[in-house]
Structures are given as structure tokens and as C-alpha cells.
1. Can you name every residue in segment 17-43 that is without any contact (Cβ under 8 Å) to a residue 12 or more places away in the chain and either outside any loop (DSSP other than H, G, I, E, B) or among the aromatic types (Phe, Trp, Tyr) (or both)?
2. Pick from segment 65-97 the residues that are out of contact with any helix residue (DSSP H, G or I) (no Cβ under 9 Å at 6 or more places or on another chain) and among the hydrophobic types (A, V, I, L, M, F, W, C): which of them is farthest from ILE33 (Cα to Cα)?
3. If I go through segment 44-62 residue by residue, how many of them are open to solvent by 40 Å² or more (accessible area, probe 1.4 Å) and out of contact with any Cys (no Cβ under 7 Å at 6 or more places or on another chain)?
4. Please go through segment 1-35 and give me each residue that is of a type in the set (Asp, Glu) and under 17 Å from the mean Cα position of the chain (by Cα), ordered by number.
5. Going residue by residue through segment 75-97, is there one that turns out to be open to solvent by less than 70 Å² (accessible area, probe 1.4 Å), of a type in the set (Lys, Arg) and modelled with pLDDT of 85 or more?
6. Say we look at segment 7-38 and pick out the residues that are within 16 Å of ARG125 (Cβ to Cβ) and acidic (Asp, Glu); which of these is surrounded by the most Cβ atoms within 10 Å (Cβ to Cβ)?
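The values are calculated or read from the model by the stated rules, or taken from the named source; none is laboratory data. Because the structure is a prediction, the values reported are computed rather than measured. Note that we place each Cβ from the backbone using ideal geometry, even for glycine, and neighbour counts take in every protein chain shown. With ligands, DNA and RNA removed, areas are computed over all heavy atoms of the protein, side chains included. Shrake-Rupley method; radii C 1.70, N 1.55, O 1.52, S 1.80 Å.
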Amino acid sequence: MIGDVCGTANDAASVELSDGWGMPTRAHVLELINSCTWKVSVEHGYEGYRVFGINARSQYSIFIPFAGYYNAAGVLTASREGFMLWTGQQDGDDEREALCLRLLSAQGSTGQLGAVNKTWRLPIRPVKK
């Protein structure tokens, strides 16, 4: 199995978008969890979260649509209650799992850093380096 992929040839966001884009790291996810406000929003016909910074750059925000994900059995979950996004880092020494952002409530502000088997198919929200 492949370990951390951030900034490598296996970084899906970097490969697809190039020009300084990449998969988020553990630090990116922790910043979203600990330093941002999450609000359910509908934008351009898509439901998702509008994520606002609460630091000096609070005028900035990102939109993350509810894209859903597939578990190892190939079952699609597409709801805000089971919202997850990949990072490009594995979970410690366990090469079978990668870290992800989980939001377990439609209310937002309940995000956590979790780990999921790499066979799951979760969306990626690229970050600009």
C-alpha cells in the first residue's frame, strides 16, 4: 500500500490540477475543525457547507458540496450526516487507512479527524499550496 501521498506523484489533486494544488494534510483538516464556522448552504443548485474562517482572514470562505462517498462494499452514502473528505496522509503506521475529515451532523461544528480504509471512495477538496 501507499503511505502519505501529499505532494507526491500519487496526490490526486496535484496530478489533476497541477500548478500548486494538492490534497489536504492533517493540519489543513484540523484548521477547518478548530478555526472555522460551518453552515449548510445551497449554491448554484448544490447543497453543501460554506466554511468561514474565524481568524484575521475571516472574509475568506470555501464551499464544500455534499458529494457522498462509497464504502468498501460499494454502497453510496450521500447525506450531510455522513459527510467525509480525504486527506493525503495515512493514519499513523496503519497503511490500510488514511485520515479524513468527518462531519457527523447537519448542524456543522462537529467535525473530527478520522481514519477510513483506503478502499473507500471519498471526495477530495483540493487546497492551493
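1. ALA27, GLU31, ASN34, VAL42
2. Going through the qualifying residues, I end up with ALA73.
3. 13
4. Result: ASP4, ASP11, GLU16, GLU31.
5. Checked against the condition, which is being open to solvent by less than 70 Å² (accessible area, probe 1.4 Å), of a type in the set (Lys, Arg) and modelled with pLDDT of 85 or more, segment 75-97 yields no hits at all.
6. Step by step, filter segment 7-38, then rank; the result is ASP11.
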